[in-house]
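The values are calculated or read from the model by the stated rules, or taken from the named source; none is laboratory data. As the structure is a computational prediction, the values presented were derived from the model and not from experiment. A quick note on method: Cβ atoms are made from the backbone with ideal geometry, for glycine too, and the neighbour counts reach across all protein chains shown. Heavy atoms of the whole protein, side chains included, go into the accessibility calculation; ligands, DNA and RNA do not. Shrake-Rupley method; radii C 1.70, N 1.55, O 1.52, S 1.80 Å.
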Amino acid sequence: MYTLNPPRILMHEDVAANPVYRARVERVVQACQTPVTPEVYADRDLPALLAGGLAAGRIPMGAMPTVPDPVLLFNTFRFDGQGEARLRQFSDPDRKRWEGLLRELLGDRAFQWANYNQEGDAHRHDKVCRPCWRIHLQNGCVHKCAYCGFGGLLIAAVNIEEYCHWLGKLAERHPWQLTYLLDDDGDPPGLEPELGTLGPLIEYFGTLKDRYLIIHTKTWNTAWLKDLDHRGHTILVWSLSGATQSRLIEPITGTTEQRLAAAHLAQETGYTVRFKFKPIIPVKEWREDAEAAVRQVFEQTRPDVISLCCFMWMDIDDLKRRLPVDRLDPEFLAAAEGARAEVADTITKPFPPAFRQRLYEHYFREIRRWDSKIPVSISTETFAMWKTLEPLLGVNARNYPCGCGPFTIPGAPTLTCDPFTVPSRNDQGDIPGVFPAWKPA
Ligand code: SF4
């Protein structure tokens with residue numbers, strides 16, 4: 001596991017009372033650089049813990065002068081259908097202030113329906129993601145990416161056996177969903193193998209027919225994966241970045257070289273590996289860094305798909321708060337400053353489409369220098385950007401093999417079904433641990 005010095009470690013009373021769960025926490029504690037005694041807490045303590053600063057580090061890490069390791073908090077997912085009742089035990093002001101975090105802390109979000117491009121999706125038509133179930137083990141991260149706000153507190157659930165039971169029920173009800181993306185709000189290999197929850201999940205997917213786990217990561221930490229009975233049912237997707245970005249902006253993650261070495265190791269033991277250049281930050285050296293990183297990918301690994309995504313999801317002022325502006329390409333910065341009105345209505349801000357396209361075309365050309373066939377897609381982009389790049393990429397927004405979407409099994413075949421109309425939610429209100437809770441009409 002990573003070398004960590006967490007300022008505090010907490011475990012829920014249910015974790016403390018269960019010898020298997022407690023042992024998981026104790027292994028992590030012993031592996032910390034300076035082990036600290038875990039504090040045992042109950043649900044009723046949560047408002048006071050939050051008011052006392054438990055989540056004070058949940059701010060963009062680039063805006064902090066120094067970033068400490070996160071507080072580690074171990075809990076369980078609750079599969080009893082009582083999530084809303086548990087939340088109601090807190091006062092209105094506490095709920096209003098902390099609802100999102102309280103749900104995480106109460107173990108109320110094991111599985112989440114991602115209603116992308118469906119009714120209720122505020123960003124419908126603004127990104128081409130497909131509706132699906134997302135699954136979670138952790139919330140928070142040991143990495144310290146400057147642009148990210150998931151530092152400060154890492155919440156990790158430890159009841160993996162119960163989790164797999166209910167995940168199996170969910171999978172049975174949704175035969176159309178072939179792959180399950182884990183944790184888009186954390187990077188779970190950070191506490192492994194000591195924590196011992198990711199290994200059982202990988203081995204559980206190894207027992208399923210035609211279902212695959214996708215772990216999206218920036219880690220260097222894969223040596224422990226080799227001993228698992230994964231049976232080819234886990235796909236590791238690295239968010240990869242060039243040398244300058246990985247060293248300067250994404251500390252604690254693996255560098256470009258370390259991530260690729262980790263991918264090579266995983267591939268050698270039968271895991272499918274793929275890459276997303278995501279988020280691509282236009283540092284001054286972005287062209288040369290892209291060329292070197294793409295070359296290294298093909299020298300060291302055989303990915304089945306590569307996706308591209310420009311840095312996005314915030315306006316230029318927010319970007320300037322988080323990133324070292326003096327290290328960015330001045331032309332891109334000026335373009336973002338000048339495009340405030342043009343990108344005001346899209347989540348793909350701050351860089352205007354013509355500049356994002358410039359990045360994608362450069363990466364695409366580099367990839368094609370090394371591999372004439374590998375599927376290349378753009379990730380979380382707009383339908384308009386897809387239309388522009390369709391002739392170049394040779395696939396479109398409806399049929400492209402996605403790096404982490406619900407249909408892209410190992411080998412990354414082009415889709416044959418409609419990814420927007422085939423997925424439908426069918427948990428029927430009787431699978432606990434899902435968010436948002438849903439009852440059939
Ligand atoms: S790896 Fe992902 S979750 Fe972790 S700090 Fe970086 S961006 Fe945030």
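Taking Thr256, is it polar (S, T, N, Q), surrounded by 23 or more Cβ atoms within 10 Å (Cβ to Cβ) and more than 14 Å from His143 (Cβ to Cβ)? Here the answer is yes, as Thr256 does meet what is asked.
Annotation: Arg247 fulfils all but one of (1) within 16 Å of the ligand (Cβ to nearest atom); (2) part of a loop (DSSP other than H, G, I, E, B); (3) over 17 Å from the mean Cα position of the chain (by Cα); the unmet one is (2).
Does at least one position in the range 409-427 carry a residue that is touching a strand residue (DSSP E or B) at 6+ places or on another chain (Cβ under 6 Å), farther than 23 Å from Trp166 by Cα and either open to solvent by 10 Å² or more (accessible area, probe 1.4 Å) or of a type in the set (D, E, K, R) (or both)? Yes. Output yes when any residue across the range 275-289 is in contact with a Lys or Arg (Cβ under 7 Å, 6 or more places away or on another chain), more than 22 Å from Ala223 (Cα to Cα) and open to solvent by 10 Å² or more (accessible area, probe 1.4 Å), and no when none is. Scanning the range 275-289 turns up at least one residue that is in contact with a Lys or Arg (Cβ under 7 Å, 6 or more places away or on another chain), more than 22 Å from Ala223 (Cα to Cα) and open to solvent by 10 Å² or more (accessible area, probe 1.4 Å).
Each row is one residue, and each column tells you yes or no for (1) more than 13 Å from the ligand (Cβ to nearest atom); (2) touching a residue at least 40 places away in the same chain (Cβ under 8 Å).
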site: Asp183; (1), (2): no, yes
site: Gly199; (1), (2): yes, no
site: Ile202; (1), (2): yes, no
site: Arg211; (1), (2): yes, yes
site: Asn221; (1), (2): no, yes
site: Arg259; (1), (2): no, yes
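The set of residues from the range 153-181 being open to solvent by 20 Å² or more (accessible area, probe 1.4 Å) and either among the acidic types (Asp, Glu) or within 16 Å of the ligand (Cβ to nearest atom) (or both) comprises Glu161, Glu162, Glu172. Taken over the range 85-121, the criterion of being in contact with an Asp or Glu (Cβ under 8 Å, 6 or more places away or on another chain), within 23 Å of Pro131 (Cα to Cα) and open to solvent by 50 Å² or more (accessible area, probe 1.4 Å) is satisfied by no residue.
For the range 124-146, state whether one or more residues are touching a residue at least 60 places away in the same chain (Cβ under 8 Å), surrounded by 20 or more Cβ atoms within 10 Å (Cβ to Cβ), among the small types (Gly, Ala, Ser) and in a strand (DSSP E or B). Taking every residue of the range 124-146 in turn, at least one turns out to be touching a residue at least 60 places away in the same chain (Cβ under 8 Å), surrounded by 20 or more Cβ atoms within 10 Å (Cβ to Cβ), among the small types (Gly, Ala, Ser) and in a strand (DSSP E or B).
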